[in-house]
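*Asks:* The structure follows.
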Amino acid sequence: MLYSIPIMQPRLELPARAVVQSEYSNPTEGSVTDAVRSFRSGISDAPVRTAAMTTFARTPALASLLLVEDEESLRLPVSKMLQCRGWNVLEAANGAIALDLIYRHRVDIHVILLDMTLPGTSSRTVLEESRRCRPDTKVVLTSAFALSQVDAALAGLHKDGYIRKPYRLHELTEVLSKVLEAPSCGCHSGSSLY
């Protein structure tokens, strides 16, 4: 089945709409990988399915997220889909850009979605600096690695959440919503939402 999700910000010169194609009949089950495929294929003439758009959890428009992902083919569609769900999204293609955005927008970032494998400045450094600059900013890690490997690589650092790649959009929005709703402890260790 095809489901169309309108894209709201034309500044990146992407197709006017992304088409999520999935083998499932439930529109909320389309995966991010499906969306990446649709961005590469161009604009769809398929009608917009409002039921598909309304079943996703919406996030308050004032919530800002820093998306740190070096794979452009994943970063762009994830960013656009999160924007369609009400998130204000800042994008960083590597750790150095992420740190620059953290330093410049430290009071504006509520959640960081941080890929574990970044070129240049490491994810560990980004996490440490985000905790130093603003300890109450939530950090959700994303990786194709198992959670045990992520925990080992970031031993001693507090993580608010984790989502394993590849993930579905509704899974990501659920994790982000839970993390955003959880009380901030401003600590460097303790329980996390995984």
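Derivation of every value follows stated rules applied to the coordinates shown; laboratory data play no part. From a predicted model like this one, the values you see are computed outputs, not experimental measurements. FYI the Cβ positions are ideal-geometry reconstructions off the backbone, even for glycines, and counts take in every protein chain you see.
*Asks:* Tell me, yes or no, whether region 109-118 has at least one residue that is among the polar types (S, T, N, Q), surrounded by fewer than 19 Cβ atoms within 10 Å (Cβ to Cβ) and outside any loop (DSSP other than H, G, I, E, B).
*Replies:* Restricting attention to region 109-118, the residues satisfying the condition of being among the polar types (S, T, N, Q) are 117.
If we keep only those that are surrounded by fewer than 19 Cβ atoms within 10 Å (Cβ to Cβ) as well, we get 117.
Now drop any that are not outside any loop (DSSP other than H, G, I, E, B), which leaves none.
Checked against the condition, which is being among the polar types (S, T, N, Q), surrounded by fewer than 19 Cβ atoms within 10 Å (Cβ to Cβ) and outside any loop (DSSP other than H, G, I, E, B), region 109-118 yields no hits at all.
*Asks:* Mind listing whichever residues of region 99-114 are free of Cβ contacts under 8 Å to residues at least 60 places away in the same chain, out of contact with any Lys or Arg (no Cβ under 6 Å at 6 or more places or on another chain) and under 19 Å from LEU180 (Cβ atoms)?
*Replies:* As a first pass, look at region 99-114 and keep what is free of Cβ contacts under 8 Å to residues at least 60 places away in the same chain: 99-109, 112, 114.
Applying the additional criterion that residues be out of contact with any Lys or Arg (no Cβ under 6 Å at 6 or more places or on another chain) yields 99-105, 107-109, 112, 114.
Result: LEU101, ILE102, HIS105, VAL107, ASP108, ILE109, ILE112, LEU114.
*Asks:* A further question follows. Does region 119-148 hold any residues that are part of a loop (DSSP other than H, G, I, E, B) and of a type outside the set (Ser, Thr, Tyr), and which are they? Spell out the reasoning first.
*Replies:* The initial filter retains those residues of region 119-148 that are part of a loop (DSSP other than H, G, I, E, B), namely 119-122, 134-137, 144-146.
Scanning region 119-148 gives PRO119, GLY120, ARG134, PRO135, ASP136, ALA144, PHE145, ALA146.
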